[in-house]
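Read the structure below first, then the notes.
All of the numbers you see were taken from the coordinates with simple rules; none came from a lab. Just so you know, these numbers come straight off a predicted model, no measurement behind them. Virtual Cβ from ideal backbone geometry, glycine too; neighbours counted across all protein chains shown.
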Amino acid sequence: MNVLLVGGGGREHAIAWRLAQSPRLSKLWIAPGNPGTAAFGENVEVPVMDFDGIVALAERVRADLVIVGPDDPLGAGIVDRLTAAGFPTFGPSGAAAQIEASKSFANELMATAGIATSVSASFDDPDAAKAYVRSAPYRVVVKADGLALGKGVTVCDDVAQAEAAIDAAMRDRAFGVAGARVVIEERMYGRETSAHAFSDGVTVRHMPFSCDHKPVFDGDLGPNTGGMGVYTPPGWLPEAAAEAIRRDVTERAIRALAEAGRPFRGVLYPGLMLAADGPRVVEFNARFGDPETEVLLPRLRSDLLDICDAVAHQRLADVPVEWDEAASVGVMMASPGYPGAYPRGAVISGVEDVDRDVQVFFAGAGRDERGRLVTNGGRVLCVVAQGPTVAEARERAYDNVKRISFEGAHYRTDIAARADEPLAVSLAGLPR
Ligand code: GLY
């Protein structure tokens, strides 16, 4: 099969790596790709939001399947364009992707479907939003309604911080049009997990659970990022809660979207907080998570191309989706200053020194005019290792991280450190 993969981050590097292991792959093209994806196919310089360019590329390469990675083109309807042009496509329609692209749509869907989440309200007027936070009897989270590269969420400790977040989003437009509307939610306390699942609109195949670390610094301090590291599986997640998430969140959402005339085809992943009163949805995502994909795909035993093809043709029930028992841990190395402003062009060295069975997935990386591997973004690369336990995978990941360097590189040193801490311990003493 000829496959076109849309995207250019660590997630797409991991997807390309797995697709290349399929005996059914004839040739892979990646738009725009990165130095990592170039090892598995041909990168083509078409931006992900250039829908005419992507459709023209799919025509030129006679794509039998198109796989779309990032949220922005999904929310803007790239899958509708590709399917209208006759290309089987892995990814939700623009209507279904609103479960991620519009937080207010997601909240309405959850209310209709009876999916547990926090109390929330949407505002188009900053003064009304501020009046709401002043009267709220709990701490709040301020979220830009639209897509903001994972940075449009401010978890607030007090009213002043919430008011500043409202001004930043609505008046200063720190997240562009994504912040024209804000959603104010009750702050939840607990532990977070990501629950990925494949769906073709009817059949649902759950992936193992994983846990991202969004704040930039150790101890979950500092501003949120796109994700600084990740592990799977979370030993702390009780099976009863896992089953409740699969049944009462993911499967309910897939059914509700189908009933709303927006069948979901692709990867749906709710991010959840396991609070003292059970799991509650923090947000829905309409795609593979990044960096979750980087640790999940090494655990996939089945053929990723078979699965994506089956989703695109709505016959997911016909293919196996099996997972390895091994644990997997990923540590993200970032540019100095990220998630704020950061330099580009620092030479990356040591990648060739990692163990053969350790993966290095590139995100914000490129090549300079001399062909050297250089930094080209905030999150630069993710070092991923497997092991029989999370603790062993973690040790191997950090051992390999230390062999890679670039000027000003920073990474968290506590990724997966609490993977096996019992939930009761981490919930004890948290505010309700
Ligand atoms: N892991 C965060 C995200 O993919 O949005």
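Enumerate by residue number the chymotrypsin sites (Phe, Trp or Tyr not before Pro) in segment 104-145 meeting two conditions: DSSP loop (anything except H, G, I, E, B), and at most 10 other Cβ atoms within 10 Å of the site's Cβ. Here no chymotrypsin sites (Phe, Trp or Tyr not before Pro) fit, given the DSSP loop and packing criteria. Taking amide H as placed 1.01 Å from N in the peptide plane, residue 207 has its amide H under 5 Å from the amide H of 196, 197, 198, each at least 5 places away in sequence or on another chain. Placing one equal scatterer on every Cα of segment 298-375 and applying the Debye formula, the log10 ratio I(q)/I(0) at q = 0.15, 0.22 Å⁻¹ is -0.79, -1.01. Straight-line cross-link reach from residue 214 at under 29 Å between alpha-carbon atoms covers these lysines, not counting any fewer than eight positions away in the same chain: 103, 130, 143, 151, 402. Note on segment 227-322: Cα convex hull, mean projected area over all directions, 7.1 nm².
With helices as the sole contributors, the chain gives -7000 deg cm²/dmol at 222 nm; each DSSP H run of n ≥ 4 counts as -39500 (n - 2.57), and the sum is divided by every residue. In terms of the Cα gyration tensor, with a ≥ b ≥ c the square roots of its eigenvalues, is segment 307-432 rounded because a/c is under 1.5, prolate because a/b exceeds b/c, or oblate? Oblate, since a/c reaches 1.5 and b/c is not below a/b. A simple charge model with +1 on the Cβ of Lys and Arg, -1 on the Cβ of Asp and Glu and nothing else charged puts the dipole of the chain at about 220 debye relative to its Cα centre. Apply 1/(1 + (r/R0)^6) to the Cβ-Cβ distance of residue 430 and residue 221, taking R0 = 22 Å, and write down the FRET efficiency to the nearest 0.05. Once the sixth-power term is evaluated, E becomes 0.85. The HN-Hα couplings worked out from phi for segment 41-46 by the Karplus form 6.51 cos²θ - 1.76 cosθ + 1.60 (θ = phi - 60°) are x, 9, 6, 10, 6, 10 Hz, whole numbers, x standing for Gly and Pro.
With both labels modelled 7 Å from their Cα along Cα-to-Cβ, the residue 276 to residue 420 distance reads 2.8 nm. Placing R0 at 25 angstrom, the Cβ-Cβ distance between residue 255 and residue 325 gives a FRET efficiency of 0.25 after rounding to 0.05.
Identify, among 426, 380, 400, the residue whose Cα sits farthest towards the positive end of the charge dipole of segment 378-432, taking +1 on the Cβ of Lys and Arg and -1 on the Cβ of Asp and Glu, with the dipole about the Cα centre. Result: 380. For the chain, the relative contact order is 17 percent, taking Cα pairs closer than 8 Å that sit 6 or more residues apart in sequence and dividing their mean separation by the residue count.
The calculated FRET efficiency for the pair residue 127 and residue 248, based on their C-beta separation and a Förster distance of 41 Å, comes to about 0.65. Among the GluC sites (Glu not before Pro) found in segment 278-364, those both in a DSSP coil and sparsely packed, with 16 or fewer other Cβ atoms within 10 Å of their Cβ, are 322, 325. Put +1 on the Cβ of each Lys and Arg and -1 on the Cβ of each Asp and Glu in the chain; which of 14, 66, 202 then has its Cα farthest toward the positive end of the dipole? Of the listed residues, the answer is 66.
Taking a ≥ b ≥ c as the square roots of the eigenvalues of the Cα gyration tensor, the chain is rounded, since a/c falls below 1.5. The charge dipole of segment 140-254, taken about the Cα centre with unit charges on the Cβ atoms of Lys, Arg (+1) and Asp, Glu (-1), comes to about 340 debye, rounded to the nearest 20.
Computed 3J(HN,Hα) for segment 85-92, one whole-Hz value per residue from the Karplus formula 6.51 cos²θ - 1.76 cosθ + 1.60 where θ = phi - 60°, is 7, x, 9, x, 10, 8, x, x, glycine and proline marked x. Go ahead and set up a Gaussian network model of the chain, Cα springs under 10 Å, then flag whichever of 350, 152, 229 fluctuates most. Per the Cα network of the chain with a 10 Å cutoff, 350 tops the list.
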